[in-house]
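**Student:** Let me give you the structure first, and then I'll get to my questions.
The values are calculated or read from the model by the stated rules, or taken from the named source; none is laboratory data. Just so you know, these numbers come straight off a predicted model, no measurement behind them. Using ideal geometry, Cβ is built from the backbone for each residue, glycine included, and neighbour counts are taken over all protein chains shown.
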């Protein structure tokens, strides 16, 4: 005899739960394959990385990372013979390829540039975006709609369309290949997105909260910091992630405007390919490294992000 | 506590005047209720006193100081909003402590703890102090919101329909509570509502507002028994006052110029009609438990009055209706005294 148990008509049944869970996990696994492949490749030796059929099981090696962090020079066997025994680690790996380490590569300065430029411009864009959005949300700004449209209109074309004028201007005022120049550029691109996203979030915060705070003895600035900012945290976090991802990944301007001092990771990574054969493990190692900050940042803000990207759909 | 005076205050939004040449004096320790329908300008009046709006004309003084152009923080007022009353990112305790931690006050933390504790006790929310504001029920939230005003001793408490989002039971509990607290503290309160029961039970004086103008200001009893106009009369009384043309029903004789008769339940005598004396028909009866609403048709006019639940009136019955001391209004809607035995309103209600 079958037993009938009462269940809600809107809550999913256990079977539906399991099926939907399985679908989500399967989809997640599929989307993660390329990432997993990159990380795996970074631990392969160059021959393993181009083996056919591709190797799923392999002996892990740090050769990719050694090659990424160093520059090497090929030596004659006689010269190598004459050297003292290599130290274990990168030294030994490099020696086994008939090379010696000539010095550190540019990866650390490039990575540092990426961090400074991406986080710097994200901070600026979100900061400016927040106060601008607040002003548009709360005050009677003359021609507010037109100004907001103008801000949005900077997004109507791909930013690269203005690459040549910017290149010429930057050269003229000495901003080419500088951290400041890149931070300003990415901020300019991101600030329109930030203003529009954040205005939506701040509009949703009832102004009664600030009014209550002002009655309670706070100035408007205090009320903004104590009452608006905490409630806009979700929107600020979501906006920060969007801005960071753009600035972190941006390639076209970086190629055009940076060559040394301020070069970021995106133009640097393809540069690795050209250095003495196609060193895929080194490229994969660079990519893996490149993924980490975004990964960490997103994990840190995930609580906010989840609410942030579904904003409008979920009422408080 | 202090006296608050509004003189000739006008506030326009674009071309619409939300408040127009409003004069109002709230005496020290007085509980004034502003009564009027949505959009009458009650909330704008409160916001003007609180400094959330600046008047276009007129002046506002609190305790003798002209605060017409002062910032909200500088006015020493407390405001209870109709909704969105608590800071959602803070606990109930921090919400109550918020005004005391403001740069304008900076009360020491142990003093804050003491004051918050007392108020929480008074409002019976002590057990919920550590809850996040969003984890409170509607009634608890509103009590915390009222508490946030009460932790301070401002010149005046401004309350904008603080009970309107609550259920009936809680509303009547808090109504009594608020009145008791007001008397205990000797607080000056300007309270806005469209609920006549709140106005009648709590107010020392009621101000009836229409389209931004103060139509009548007086004790609840004055407003009820001697309304200045049809508009004021329709604000009070449950069921609402019945407005009929003079002469439709027998009365003690209308004064000259009287065009409209206002009849509340207590002004109507109803009796089962004996043969030809019937002038009305019972349409239907709403049973509300403690009382019955009787819907009656007289000619083309419909009336609502109360009937004793024990009465044996039934739908379709022919009845005779007559008026006892009704209110009379002239063609412009102003009340005119009844001829002969005009009722003199009693002062201080």
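Per-residue answers, yes or no, for (1) more than 21 Å from residue A:288 (Cα to Cα); (2) surrounded by fewer than 16 Cβ atoms within 10 Å (Cβ to Cβ); (3) without any contact (Cβ under 8 Å) to a residue 12 or more places away in the chain:
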residue	(1), (2), (3)
A:18	yes, yes, yes
A:30	no, yes, yes
A:45	no, no, no
A:73	yes, yes, no
A:96	yes, yes, yes
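**Student:** Further question on the same structure: If residue A:112 satisfies all but one of (1) outside the structural domain of residue A:288 (by TED's automatic domain parsing); (2) surrounded by fewer than 14 Cβ atoms within 10 Å (Cβ to Cβ); (3) within 24 Å of residue A:265 (Cβ to Cβ), what's the number of the condition it fails?
**Tutor:** It is condition (1) that residue A:112 fails.
**Student:** Additional query: Determine whether residue B:124 is surrounded by fewer than 14 Cβ atoms within 10 Å (Cβ to Cβ), under 17 Å from residue B:78 (Cα atoms) and out of contact with any helix residue (DSSP H, G or I) (no Cβ under 7 Å at 6 or more places or on another chain).
**Tutor:** For residue B:124, the condition - surrounded by fewer than 14 Cβ atoms within 10 Å (Cβ to Cβ), under 17 Å from residue B:78 (Cα atoms) and out of contact with any helix residue (DSSP H, G or I) (no Cβ under 7 Å at 6 or more places or on another chain) - is not met.
**Student:** Which residues, counting only those in the stretch B:21-73, are in contact with a helix residue (DSSP H, G or I) (Cβ under 9 Å, 6 or more places away or on another chain), closer than 15 Å to residue B:159 by Cβ and within 14 Å of chain A (Cβ to nearest Cβ)?
**Tutor:** Residues satisfying the conditions are B:47, B:50, B:52.
**Student:** Another question, then. Just a yes or no: is a residue in the stretch B:132-149 surrounded by fewer than 22 Cβ atoms within 10 Å (Cβ to Cβ), more than 14 Å from every other protein chain (Cβ to nearest Cβ), assigned to a loop (DSSP other than H, G, I, E, B) and within 25 Å of the chain's Cα centre (by Cα)?
**Tutor:** Within the stretch B:132-149 (the criterion being surrounded by fewer than 22 Cβ atoms within 10 Å (Cβ to Cβ), more than 14 Å from every other protein chain (Cβ to nearest Cβ), assigned to a loop (DSSP other than H, G, I, E, B) and within 25 Å of the chain's Cα centre (by Cα)), the answer is yes, since at least one residue qualifies.
**Student:** Any idea which of B:126, B:164, B:155 is touching a strand residue (DSSP E or B) at 6+ places or on another chain (Cβ under 6 Å) and assigned by TED's automatic domain parsing to the domain that holds residue B:60?
**Tutor:** B:155
**Student:** So, one more: Could you please find all residues in the stretch B:33-55 being buried (at least 23 other Cβ atoms within 10 Å of the Cβ) and within 12 Å of the chain's Cα centre (by Cα)?
**Tutor:** B:33, B:34, B:35, B:36, B:42
**Student:** Any residue that is in contact with a strand residue (DSSP E or B) (Cβ under 9 Å, 6 or more places away or on another chain), under 21 Å from residue B:188 (Cα atoms) and away from chain A (no Cβ under 12 Å) - is there at least one of those in the stretch B:93-100?
**Tutor:** Within the stretch B:93-100, none of the residues are in contact with a strand residue (DSSP E or B) (Cβ under 9 Å, 6 or more places away or on another chain), under 21 Å from residue B:188 (Cα atoms) and away from chain A (no Cβ under 12 Å).
**Student:** Can you give me the ranges of the helices (runs of 4 or more DSSP H) entirely in the stretch A:180-278 with at least 1 residues that are away from every other protein chain (no Cβ under 14 Å) and closer than 15 Å to residue A:114 by Cα? Don't jump to the end; show me each part of the working.
**Tutor:** On the way: elements: A:208-215, A:220-223, A:229-249, A:252-257, A:265-274.
Passing ranges, in order: A:229-249, A:252-257, A:265-274.
**Student:** Of the numbered conditions (1) away from chain A (no Cβ under 14 Å); (2) in a loop (DSSP other than H, G, I, E, B), residue B:153 satisfies every one except a single condition; which is it?
**Tutor:** The one condition residue B:153 does not meet is (1).
Rundown of residues vs (1) modelled with pLDDT under 90; (2) farther than 30 Å from residue A:289 by Cα; (3) within 22 Å of the chain's Cα centre (by Cα), yes/no style:
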| residue | (1), (2), (3) |
| --- | --- |
| A:181 | no, no, yes |
| A:185 | no, no, yes |
| A:207 | yes, yes, no |
| A:222 | no, yes, no |
| A:249 | no, no, yes |
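**Student:** Residue A:58: closer than 30 Å to residue A:189 by Cα, surrounded by fewer than 19 Cβ atoms within 10 Å (Cβ to Cβ) and either in the same structural domain as residue A:282 (by TED's automatic domain parsing) or modelled with pLDDT under 90 (or both), yes or no?
**Tutor:** The answer is no for residue A:58.
**Student:** So, in the stretch B:76-88, how many residues would count as being in contact (Cβ under 8 Å) with a residue 12 or more places away in the chain and either surrounded by fewer than 24 Cβ atoms within 10 Å (Cβ to Cβ) or at the interface with another protein chain (Cβ under 7 Å from one of its Cβ atoms) (or both)?
**Tutor:** 9
**Student:** Considering only the stretch B:132-152, state which residues are under 18 Å from residue B:99 (Cα atoms) and without any contact (Cβ under 8 Å) to a residue 40 or more places away in the chain. Explain how you work it out, then say what you get.
**Tutor:** Within the stretch B:132-152, the subset under 18 Å from residue B:99 (Cα atoms) is B:132-133, B:141-152.
Listed by number, the list holds a single entry, B:143.
**Student:** Next up: Among the residues of the stretch A:224-237, is there at least one that is buried (at least 18 other Cβ atoms within 10 Å of the Cβ), in the same structural domain as residue A:174 (by TED's automatic domain parsing) and either at positive phi or in contact with a strand residue (DSSP E or B) (Cβ under 8 Å, 6 or more places away or on another chain) (or both)?
**Tutor:** Quick first cut of the stretch A:224-237, residues buried (at least 18 other Cβ atoms within 10 Å of the Cβ) only: A:224, A:226-228, A:231-232, A:234-237.
With the extra rule that they be in the same structural domain as residue A:174 (by TED's automatic domain parsing), the set shrinks to A:224, A:226-228, A:231-232, A:234-237.
Now narrow it down to the ones that are either at positive phi or in contact with a strand residue (DSSP E or B) (Cβ under 8 Å, 6 or more places away or on another chain) (or both): A:234-235.
Within the stretch A:224-237, one or more residues are buried (at least 18 other Cβ atoms within 10 Å of the Cβ), in the same structural domain as residue A:174 (by TED's automatic domain parsing) and either at positive phi or in contact with a strand residue (DSSP E or B) (Cβ under 8 Å, 6 or more places away or on another chain) (or both).
**Student:** Continuing with the same structure: For residue B:254, state whether it is at pLDDT below 85, closer than 21 Å to residue B:316 by Cα and either touching a strand residue (DSSP E or B) at 6+ places or on another chain (Cβ under 7 Å) or in a helix (DSSP H, G or I) (or both).
**Tutor:** When the stated conditions are applied, residue B:254 does not pass them.
**Student:** Please work out which one of (1) in a helix (DSSP H, G or I); (2) more than 14 Å from chain B (Cβ to nearest Cβ) is the condition residue A:155 fails and give its number.
**Tutor:** That leaves (1) as the condition not met.
**Student:** While we're on this one: Looking at A:36, A:28, A:22, A:51 in this structure, which one is assigned by TED's automatic domain parsing to the domain that holds residue A:100 and out of contact with any strand residue (DSSP E or B) (no Cβ under 7 Å at 6 or more places or on another chain)? Working first, answer last.
**Tutor:** Numbers: A:36 fails: assigned by TED's automatic domain parsing to the domain that holds residue A:100; A:28 fails: assigned by TED's automatic domain parsing to the domain that holds residue A:100; A:22 fails: assigned by TED's automatic domain parsing to the domain that holds residue A:100.
None of the others qualify; the one that does is A:51.
**Student:** Any residue at all in the stretch A:167-178 that is farther than 28 Å from residue A:109 by Cα and assigned by TED's automatic domain parsing to the domain that holds residue A:265?
**Tutor:** Initial filter on the stretch A:167-178 (farther than 28 Å from residue A:109 by Cα): none.
Scanning the stretch A:167-178, I find no residue that is farther than 28 Å from residue A:109 by Cα and assigned by TED's automatic domain parsing to the domain that holds residue A:265, so the answer is no.
**Student:** Could I ask something else about it? Within the stretch B:233-246, is even one residue in the same structural domain as residue B:318 (by TED's automatic domain parsing), over 17 Å from the mean Cα position of the chain (by Cα) and part of a loop (DSSP other than H, G, I, E, B)?
**Tutor:** Yes: one or more hits.
**Student:** Taking the criterion of being under 12 Å from the mean Cα position of the chain (by Cα), within 26 Å of residue B:120 (Cα to Cα) and buried (at least 19 other Cβ atoms within 10 Å of the Cβ), would at least one residue in the stretch B:209-227 satisfy it?
**Tutor:** The answer is no; no qualifying residue exists.
**Student:** When you look at residue B:160, is it modelled with pLDDT of 90 or more and surrounded by 16 or more Cβ atoms within 10 Å (Cβ to Cβ), yes or no?
**Tutor:** Details: modelled with pLDDT of 90 or more: yes; surrounded by 16 or more Cβ atoms within 10 Å (Cβ to Cβ): yes.
Yes; evaluated as a whole, the condition is true for this residue.
**Student:** To continue, here is another question. Can you pull out the residues in the stretch B:56-74 that are surrounded by fewer than 22 Cβ atoms within 10 Å (Cβ to Cβ), in contact (Cβ under 8 Å) with a residue 24 or more places away in the chain and not in a strand (DSSP E or B)?
**Tutor:** Scanning the stretch B:56-74 gives B:56, B:63, B:64, B:74.
**Student:** Do we have any residue at all in the stretch B:101-118 that's in contact (Cβ under 8 Å) with a residue 12 or more places away in the chain, within 14 Å of chain A (Cβ to nearest Cβ) and more than 23 Å from residue B:74 (Cα to Cα)?
**Tutor:** no
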